[in-house]
1. Let me spell it out: the conditions are (1) within 14 Å of chain A (Cβ to nearest Cβ); (2) farther than 30 Å from residue B:217 by Cβ; (3) surrounded by fewer than 21 Cβ atoms within 10 Å (Cβ to Cβ), and residue B:41 meets all of them except one. Which number is the exception?
2. Being in a helix (DSSP H, G or I) and among the hydroxyl-bearing types (Ser, Thr, Tyr) is the filter here, so list the residues in region A:123-169 that pass it.
3. For residues that are of a type outside the set (A, V, I, L, M, F, W, C), touching a strand residue (DSSP E or B) at 6+ places or on another chain (Cβ under 6 Å) and not in a strand (DSSP E or B), tally how many sit in region B:416-438.
4. Quick check: anything in region B:209-231 surrounded by fewer than 19 Cβ atoms within 10 Å (Cβ to Cβ) and farther than 28 Å from residue B:142 by Cα?
5. Can you name the residue in region A:157-175 that is within 24 Å of the chain's Cα centre (by Cα) and of a type in the set (A, V, I, L, M) and, of all such residues, is farthest from the other protein chains (Cβ to nearest Cβ)?
6. Could you tell me whether region A:307-325 includes any residue that is acidic (Asp, Glu) and within 30 Å of residue A:186 (Cα to Cα)?
7. Under 16 Å from residue A:283 (Cα atoms), without any contact (Cβ under 8 Å) to a residue 24 or more places away in the chain and crowded, with 24+ Cβ neighbours inside 10 Å: does that describe residue A:436?
8. Against the definition (in contact with a Ser or Thr (Cβ under 8 Å, 6 or more places away or on another chain) and not assigned by TED's automatic domain parsing to the domain that holds residue A:445), how does residue A:354 come out, yes or no?
Amino acid sequence: MHIKRRDFIGHVAAGSAIVTMPVFLSGCGVHQAVAIAEATPENPFMNWFGVDEVTIARVMAELTAHGADTADLYFQHQRSNSLMMEDGIISHANSEISQGVGLRVVIGEQTGYAFTEDLTLTSMLAAARTAATIANGTRMVPPQAFNAKKTGDLYVTTMPWADVGIDQKLPLLKYVDSKSRAADPIVSKVTVAWSDVDERVMIATLGGHLITDHRPMTRLTAQITATREGETQSGYSNIAAREDLAWYTDERIDQMVEEAVARTLVLFEAIRPPAGEMPVILAAGASGILLHEAIGHGMEADFNRKGTSIYSDMMGQKVAEPFVTIVDQGTIPNERGALNYDDEGGECGRTVMVEDGILRSYLHDSISATQYNVAATGSGRRQSYKFAPMPRMTCTFMENGPHTKDEIIEAVDQGIIAETYTNGQVQIGAGDYTFYVKNGWLVEKGKVVAPIKDVNIIGNGPESLTRISMVANDAKLDTGGWTCGKNGQLVPVSQGIPTVLVSSMTVGGENVG
Amino acid sequence: MSADLQASAATAIETLKAAGAEDAWASVLQSRNVDFNYRDGALEKVQDTTARMLAVQVYANGRYSTHQTTDLNPDRLANFLKEAVAITNALEPDPQRNITPPELFANRPDTALDLSDEVIRRLDREQRMEWCVLLDQEARKHERVISATSRVSSGTQTRVEASSNGFSGAEESTYCVLGANITLKDRGDRRASDGFSAVARHVGDVPDAISIAKKALEYAVARLDSQKGPTMKSTMVVDSRVAASLIGRLMGPANARSVQQGRSFWADLLGKQAFSHGLTIIDDPLVIRGLASRQYDSEGISAKALPIVEEGVIRNIYVDTYYGRKADMPPTTGSPSNRRVGTGNKSLDELIGDAGDGVYVTSWLGGNADGTTGDFSLGLSGHLIENGRVGRPVGEMNVTGNLRDLFSRLEATGNDPFPYSGTLAPSMVFSGVDFSGT
């Protein structure tokens, strides 16, 4: 049987936080009495964190006691569950509650930051005093009331993950496991990994705004190992989104399993390409990793206000052919990188970084927007309450171009198609960037001739942009669970691209003469 | 502080047992970190944070699960722990999963590891600012500097562990980091950048701020006018400061889980000559003031030195109790501590001199390795080696091959193990390596 669990209980004493009840449990024969919150507070998030406007105003006053250009309180409660199935049984099951408030003061380009996991007034005031030491000006008059901004609707779910029992997740993992094993007799091991996250964020700003966001996230991964005539190969596929359980249709899961198996089995035939410079065709979808590394990071405005990015002095210049338009957009519903509001409480939108080949806009947080005297682009993100925000990407992609995929392949005499990736990296100043190709294809005289595997590709961002010589009309977003790391902070992102030809990149390979 | 945490761990175990767990493990962590970032003559960011966390492992009815929370309010914590047991009961039994047998707790070493520095606990704002200013002034002593960011960070951590079958332990540790990253104007729109930082358990083991900034500037200046090098098969000399990363890739699949799951190229090589005679790697948890030192591992297994590779022969891999049972291998330890890589008697300059021609790698950029096959491909930058000397700076190149094959081509190691890492690795020379460039 399935026990429907409410996701929080109340004992709404002033100044005390509200507990979440986990999640994870149901149909297991354990029936605990759960007190259901019947209070209907004016703001369910305030109730959730056990604070009220008076408390927030007091903490804000302490935080800005020595002055501030901006200041904010970032309350976060995150409940994460993960499961791993190996050898047909759950080998790891984990649940985690992460709760705290981050307090930030900004003066010009200076930031003071502290956090506390104890949401009592005493602890919050102490953290506020610590963060406030960055400033040495005069006391601000903080708002006494906070106007709640309208909640967003980019990832409304029918059932929050906090209400989904483990009994509803286990069949999915078993299905992936059996489907993978049945796919081919040489499949020898299958690992299925699951995660779901139920995150609540409440941001109170010095400007008197109160922003709340309820963010779901889920990811499912199949990792396949296959053995043939003493040789072993492994590969994987995953899907991720700000979605709920209903998103996991059989069709979606079947497709992921097919991809994971196909990516693994092709490795038995795959070769290393020759080493050196050659044309590279980027397959539609996951190849958006090119945009993330070659230009996206370099366009984050913190690097540019410091002058450390190769793109620092290129605004308004032609950087690519006129059929190249590159966008970062946080407002695509249910994407892994989607956000109703960024982690400073700013509205996310569509930022055109490159428009018809011209460099148009950096990705701004409030600090850089103030310095450049432009509107923020809703790009201020942070990993959690433990970190101060900075400009980050959300969902980065290239618009369709005038060519077709077939035209692009026919145009290549000797080169490769890069199709699946594990990771990438960039040097912001030099502009050199890499991405690691797990699966791809060798192309000779306009024909796909053999599978390839395990090569790193390295290029220079601005050079690669000028070398994008063809863009097809088959743009798509990748459904994989990408995570971006910067200065020790991880955030979920999405990426996409149509089939693209880069006329020359340096491909890692073997068989050097 | 440690006594409070011990009480919390004991309470957590009692609560779990009262809720129906047969066995339980609790870890309580408390830490404070202070970071100062100083950029181009001004303090940019100060972050001062105190964090705490309770982690539990629950064994009930042949089932197992793990849980962590930062919400330590006593009432809510009690509920959280009861739920943890309920969650465990909702799983299926896993016959291989048992709490660590107490005999593995025996013979815990009494080595004084000296991981905690009272000086770090007393560091004040004035001292941090003094270091920031010294780093910043020295880091900007070059006409091409666009921006320099200096960092002074330190932290203290207390970790307490207890189990229902008699394990208890407490560890206090500290660290201190000084570093600088420098960006220089290069040709066209390019910037050259690099940096250097040093971390140690004790302030006294961190070099002085000026030496660190000088090194950071030297490394950044070395990147000026870097060009793509040629596609070639040649010798690779890896600087000690980036050798740890290569060792990490080699050892990624050197564990029972990867072997049991069929995803390790180490699987059939135990006891065999898998690599060059020049490769020795010892996992040594008892390095005094070591960054990865410990008296017991996360399962409570008492620490001792573990030879992983001796003169190219694989002696051991990392085996925890769970995958050890599944793979029928006796447990060693489930996770790496300090890794000491065997050194040679030549300096880096001598190694480069002996190499004649090749590539001297000073940083990696991206890339990856397949743990199942050992195939790898990595981006790099560094310098060409020409006639036994460090030549022009190169970047935008890849090195590609197979890790087992690469470490069979390890020709020499230096006398210069990099001290500011949990992996104490020297500079390394590999022959016949495939580079891709122009």
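The values are calculated or read from the model by the stated rules, or taken from the named source; none is laboratory data. Just so it is clear, the model here is predicted, and its values are computed rather than measured. Quick reminder, even Gly has a Cβ in these numbers, built from the backbone with ideal geometry, and neighbours come from all protein chains shown.
1. (2)
2. Across region A:123-169, the qualifying residues are A:123, A:130.
3. Of the residues in that region, 6 qualify.
4. yes
5. The qualifying residue farthest from the other protein chains (Cβ to nearest Cβ) is A:159.
6. no
7. In short, yes.
8. For residue A:354, the condition - in contact with a Ser or Thr (Cβ under 8 Å, 6 or more places away or on another chain) and not assigned by TED's automatic domain parsing to the domain that holds residue A:445 - is not met.
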